[in-house]
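A quick write-up on the structure given underneath.
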Amino acid sequence: MSNVKPNIKRQKRVCDICKVGKPVIKRPKTGQMVCKECFYFVFEEEIHQTIIQGNLFKENERVAIGASGGKDSTVLAYVMNLLNKRHNYHLDLVLLSIDEGITGYRDDSLETVKRNARQYNLPLKIVSYKELYGWSMDEIVKEAGNKNNCTFCGVLRRQALDRGAVMLGAKHILTGHNADDIAETVLMNILRGDVPRLQRCTFITTGNDSMIKRSKPFKYTYEKEIVMYAHYKKLDYFSTECIYAPNAFRGNARVFLKDLEKVRSTAIMDIIYSGESYENKSSNTLPSMKTCERCGYMSSNKICKACILLEGLNKGLPRYLIKKKTLINYNFLFI
Amino acid sequence: MDSNKKINCRSDSSSEDLPAEKKKKIINCLKCKAKPHNVNIRKNYPLCKECFLSFMQHKFRTNIGQAKKVKKGVNVLIALSGGNCSRALLDIFYKYHKGAENPKSGKIQRFKDIAVAYIDDSIITGESHVQKIKEIVTPYDIPLLIRPIEDIFSISLDDNNDNYKIITVKNKDGKKELEISQNTNIDNKTAMKELYESIPLLADKECLINNIRLVLLNYMAKISKYPVLCLGDSSTKVAIDVISNTCKGRGSSLPEDIASETELLKDVVIIKPGKTLLKEEFIQYNEYFDLDYIPEKQYNSSEIAKSIDLISAGFISDLQENFPSTVTTVVSTANKITVEEENYSSYHCSLCLCPIRKDSEKWLASNSITEVKDRTDYNYDHTEVYKNIPKYYQYLCFNCHILIDSINLQENQTVYLPYYVAEKINKYISASSS
Ligand SMILES: [Zn+2]
Ligand SMILES: [Zn+2]
Ligand SMILES: [Zn+2]
Ligand SMILES: [Zn+2]
C-alpha cells in the first residue's frame, strides 16, 4: 500500500527462526516468516510432535496410508516415510488406493500413486468400487444424478479403505485430512446438528484396537503449508479436483473459512481448539459393533451404510431418496 | 430433529415437486385455522397476527417457566441494548409481569420488581443513545439503571476488598507482561479509551466489549439486589455466537456462553427467555406494536471483513435464507454440547470469568515449533518452547490469551486492565501459593 519504507524493510528481512535465511513463507499458524530450510524442519517436526503427543503408533505396526494421488496424501506418504526413518518408528508402511471409477480423474491420479509407490519404495494396493460393489462412481452418477454424489462416494470410499486395509493385513489407516478440513468439519457438524460426529471429529484417532483405526497426522497442519511443501519439494502429485463438485452447503462453509482466515490466520487452529472442547470420549467407540447381515462387514447397524446405498442403487436410487421426505434416514451417511 | 432434515433436505427438487395449485392457494393461520395468515417467519408455520403474538408470549412464558435457578418473588434486572430483540423482550416481559400481577389471572406473582439496565458505551462508539433509552423505558414506569462502560475500571467483584490494585499491560524486553500495582488513581474514561484503541483488530475489540459489558451488567444486578439478570438474546443471536465463539477459540466456554440459565457471578442468575425466538420475530413484534428501537449499526464491507461476529452473522443469515431451520439447528446442537469437567481447571478466567481448559496454556506451543536451535538435530527437546509462554496465560482462557496478545503497545506505552481482573489474578496467586 504505502511506498518506499516497507520495501526496504522487506529486502532486509531474514528468517524469523534462523535469522539468516531468506524468508519464503509466512506461516499462518505462528505468523513467522521462515526460510525454506526452517520451513521443512518445522513442517516435518510438527507432524512428528503430533504423532508423539497423540501416541499414534505401536512399534512394528503395519500402517496403510490412504493414497489418492492428490497433494495431501502424496505429502503424507512422503513425510511418513521420512519420519519413519528419521525417528525410528519401525512402521511397516503401505499405500492403499481406491479406484472409484471416475473417468479422466481417477485414471490419471492412480498413475501418480503408482509413481509415488516406486519413488518411496512402498508397497501399493488398489481396490476398486467396481470390484467391491459392482458399481463404478461414473455408473452411480449416471443412475443417481449429480446430487449427493460426495455423500455416496464418501460412504463407499470409507468402507473400501477398510476392506483394502483388511486385505493388506493393516489395522490402522492414515488419512490426509488437514487442519482446514477438520475446522470445516467442525462447522459442518454444528450446522447439520450432528452432535455425535461433532463430538468426535477432532479426535486424532477414531476407532479402537478391536476395529480398524483411522488417524490424521495432519490434524494441525495447514493446507497452505502442505501445498507449499509439495511445491518446494517438487513432489509428484495430481492437482485436479474431483470432477463431481462438493455440495453447496459445504461450499458455503469453505467460503466462510476463507473470510475468517483473512481476519485472523490462526482462525483454523482456534476452531480446532473449540472443537476439542466439544469432544466426548464416549462418542469415539461406536456402540456395539455388529457385522452387516448382507455383506458380513463390520457395521454399527444391522445392515451397513454401503449396503443400504447399494440397495437403493439397485432399486433405482433417485426415487428411493426423494420419496423419503425425511432425509434423516440417510443423514448418517455423511462422513 | 425437524431441523436436521431441513438442512440436508436443501435439495433443489423440493419446491419443484410441489403441485402448482398448492403454491397459489391462500394459506390460513395454522393455529386458529380461521383467519388468513399474516406472518410466516418460520416458513412452515403461517400465523395470523393474534396467533403470532400469543405464540411469542407462549414461548417467552415457557422459557421463564423452565428457569430452575430462578426463585419465585425475586427482582429481575432486564438488560436493554435498545436493539430490536432486547427492545421487544422488554415489552413482552413487562406485559407478562403486569399480567402476573393481576390477581384475576389467578396466577402467583412470579417476580417482585423489575427494572432495566443500560450500559452506555458512547466513550467507544462516540454516539450516545441515553436519551433514546430513556424515551423507551419511561412509559413503563420502572427503574432505569444506567452505567457508562468505563465504570468497569472502578468496580470490585469482591465484597470485602478495599485494597484497590490495577493491572498494567506493558512491554518488557520485547515481551508483554501484566503487572499488578497499587492504583494510581487512573481516569476511567482515558483507561477505557486507551485499552480499546490499543487493540488493533475489530474482532478482538468485540471480545473485550462483550466480556466487560457482561461483567458490568452482572455487577449492576448484584449491587442493586437483583438476583436475576435477563438478557435479550434471540435464537438468531445465539446461533451467531455459537459459530463466532467457535471460530474465536471460545469453544471451551460455549455451554456457559449460550446457556439459557447460568451464573457468572455468585448470586446472579443470567436468563435468556428470548432464546427460542428468532430475531425476525422480535422485529415483527416491534412493528405490530409500533415500538421504537435503536437501529442496528450499518457496516460497510471492509468493516465486516474485520469482524468475526459480523462475518458469522452474515454466514448464518445467508444460510437461514435458504434453509429456514439453520438457526434452530445450530442452537439445539449447541444446547447438547457438554464439556468434560475433568479437563477444566477449578479456576476461572480472570477477564471473562469463564472456565479455563487445563491444556489451554500450552496448547498452541505444543502444536507449533517457533524456535530451532540446530536444524540437523532431531533429538531436540520440544518442551523447551514452553518457557516462552507468557506468564499471563495461566490466568486466562484461550480466547482471552488471543485478546491480551493482540494488545499492541507503542514504545513505553502502557494500558490498564480493569480492577476486577487484578482481584481475580491475586486470588489465583494466593490460592496456588498456599
Ligand atoms: Zn531459517
Ligand atoms: Zn453390508
Ligand atoms: Zn390464527
Ligand atoms: Zn476469558
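The values are calculated or read from the model by the stated rules, or taken from the named source; none is laboratory data. Because the structure is predicted, anything quoted here is derived from the model rather than measured. Cβ placement follows ideal geometry from the backbone for every residue including glycine, while neighbour counts extend to all protein chains displayed.
Couple of notes before you dig in:
- A:Leu122 meets the conditions (1) part of a loop (DSSP other than H, G, I, E, B); (2) free of Cβ contacts under 8 Å to residues at least 24 places away in the same chain in every case but one. The failed one is (2).
- Taking helices (runs of 4 or more DSSP H) as the structural unit, those lying wholly within segment A:259-335 and holding at least 1 residues that are at pLDDT 75 or above, of a type in the set (Val, Ile, Thr) and out of contact with any Gly (no Cβ under 6 Å at 6 or more places or on another chain) correspond to A:267-277, A:305-315.
- Of note, B:Lys306 does not satisfy the criterion of being under 30 Å from B:Glu263 (Cβ atoms) and either part of a helix (DSSP H, G or I) or in contact (Cβ under 8 Å) with a residue 24 or more places away in the chain (or both).
Table: residues versus (1) of a type in the set (Gly, Ala, Ser); (2) within 13 Å of chain A (Cβ to nearest Cβ); (3) in a loop (DSSP other than H, G, I, E, B); (4) within 16 Å of ligand 4 (Cβ to nearest atom).
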position	(1), (2), (3), (4)
B:Glu321	no, yes, no, no
B:Thr329	no, yes, no, no
B:Ala365	yes, yes, no, no
B:Val372	no, yes, yes, no
B:Tyr380	no, yes, yes, no
B:Val385	no, yes, no, no
B:Tyr392	no, no, no, yes
B:His401	no, yes, no, yes
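- Which listed residue, of B:Ser332, B:Ser360, B:Ser350, is out of contact with any Phe, Trp or Tyr (no Cβ under 7 Å at 6 or more places or on another chain) and not β-branched (Val, Ile, Thr): B:Ser332
- Which listed residue, of B:Ile270, B:Ile283, B:Ile209, B:Ile304, is out of contact with any helix residue (DSSP H, G or I) (no Cβ under 6 Å at 6 or more places or on another chain), surrounded by fewer than 22 Cβ atoms within 10 Å (Cβ to Cβ) and among the β-branched types (Val, Ile, Thr): B:Ile209
- Residues being within 20 Å of the chain's Cα centre (by Cα) and crowded, with 23+ Cβ neighbours inside 10 Å - total across segment B:317-327: 2
- Selection from segment B:342-387 of residues that are within 16 Å of ligand 1 (Cβ to nearest atom) and surrounded by 20 or more Cβ atoms within 10 Å (Cβ to Cβ): B:Ile369
- The set of residues in segment B:39-62 that are touching a strand residue (DSSP E or B) at 6+ places or on another chain (Cβ under 8 Å), in contact (Cβ under 8 Å) with a residue 60 or more places away in the chain and crowded, with 16+ Cβ neighbours inside 10 Å comprises B:Val39, B:Phe52.
Residue-wise test of (1) within 18 Å of A:Glu223 (Cα to Cα); (2) within 14 Å of chain B (Cβ to nearest Cβ); (3) at pLDDT below 95.
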{"site": "A:Pro6", "(1), (2), (3)": "no, no, yes"}
{"site": "A:Asp16", "(1), (2), (3)": "no, yes, no"}
{"site": "A:Lys22", "(1), (2), (3)": "no, no, no"}
{"site": "A:Thr50", "(1), (2), (3)": "yes, yes, no"}
{"site": "A:Phe57", "(1), (2), (3)": "no, no, no"}
{"site": "A:Val63", "(1), (2), (3)": "no, no, no"}
{"site": "A:Val94", "(1), (2), (3)": "no, no, no"}
{"site": "A:Glu100", "(1), (2), (3)": "no, no, yes"}
